[in-house]
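Student: Please find one structure pasted underneath; my questions will follow.
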Amino acid sequence: MTDRALARRVRAVEKRLGVTGRPLEQLSDLDLLGAIEAVSLALAADGNSDAADTLAQHDAQEAALRAFWQRSDMAGRNSPALEPGVRWPYLRARARWHEATHGQDEPRSAASEVELWQKIVASGCLEGERC
């Protein structure tokens, strides 16, 4: 995902969370994927077509990454470490690799879903609060 595409998605998530003045800079790329998934699933369940489109776009990116890594010429070549039981394991593995390789000065990812929600709540942007 390009920086520009990620920035657009961050702005979309911020808008859905009610962020008006302070971006979600405390979230790493891996945290953003979790936040995008959680918010989009909740909004899509309520019938929001933009949220459903966001999920579909990420699903398509995930499918492309899965197809790439499952090609016969790529099998066994530094395959990404996938998290079992999560949505978008290849996208998450790529974000985790990027953070470990290039993200020394960037926000660190949450160690658990509980910690991720603590970061989101700490931003003060949920339940009608203004940022």
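The values are calculated or read from the model by the stated rules, or taken from the named source; none is laboratory data. Keep in mind it's a predicted model, so treat the numbers as computed, not measured. So basically every Cβ, Gly included, is an ideal-geometry build from the backbone, and we count neighbours across all protein chains shown. Ligands, DNA and RNA are excluded from the accessible area calculation, which covers all protein heavy atoms including side chains. Shrake-Rupley method; radii C 1.70, N 1.55, O 1.52, S 1.80 Å.
Student: How do the peptides 93-99, 81-87 rank, highest first, by the average count of neighbouring beta carbon atoms within 10 Å per residue? Please report the intermediate quantities before stating the final value.
Tutor: Details: 93-99: 18.4, 81-87: 11.3.
Per-residue Cβ counts within 10 Å, averaged per peptide and sorted highest first, yield 93-99, 81-87.
Student: For a quick check: with amide H placed at 1.01 Å from N, whose amide H comes under 5 Å from A110's, ignoring anything fewer than 5 positions away on the same chain?
Tutor: Close amide H contacts, sequence-distant or interchain: S28, D31.
Student: Let me ask you something else. Could you tell me the calculated FRET efficiency between R8 and A111, based on Cβ-Cβ distance and R0 = 25 angstrom, to the nearest 0.05? Write out the running numbers ahead of the final one.
Tutor: Numbers: r = 27 Å, r/R0 = 1.10.
It comes out at approximately 0.35.
Student: Shifting gears a bit: I need the calculated FRET efficiency for the pair V86 and V121, taking r as the beta carbon distance and R₀ as 22 Å, to the nearest 0.05. Spell out each step's value before the answer.
Tutor: Values: r = 21 Å, r/R0 = 0.95.
Calculated value: 0.55.
Student: Taking the mean number of other Cβ atoms within 10 Å as a proxy for protection, how do you rank 70-78, 5-13, 31-39 from highest to lowest?
Tutor: Working: 70-78: 8.4, 5-13: 15.8, 31-39: 21.2.
The densest-packed peptide leads the list: 31-39, 5-13, 70-78.
Student: Report the accessible area of D46, computed with a 1.4 Å probe over the heavy atoms of all protein chains in place, in Å² rounded to the nearest 10.
Tutor: D46 exposes around 130 Å² with every protein chain in place.
Student: Expressed in nm to one decimal, what extension gain is obtained for the pair A67 and A52 from 0.36 nm per residue of sequence separation less their Cα-Cα distance?
Tutor: Numbers: separation 15, 0.36 × 15 = 5.40 nm, distance 2.23 nm.
Separation in residues times 0.36 nm, less the Cα-Cα distance, equals 3.2 nm.
Student: Could you report the accessible area of T54 in Å², rounded to 10, computed with a 1.4 Å probe on the protein chains as they sit in the structure?
Tutor: 20
Student: I've got another one for you. So what J values fall out for region 29-40 if you push phi through Karplus, 6.51 cos²θ - 1.76 cosθ + 1.60 with θ = phi - 60°, rounded to Hz, Gly and Pro as x?
Tutor: Karplus values, whole Hz, x for Gly and Pro: 4, 5, 5, 4, 4, x, 5, 4, 4, 4, 5, 5.
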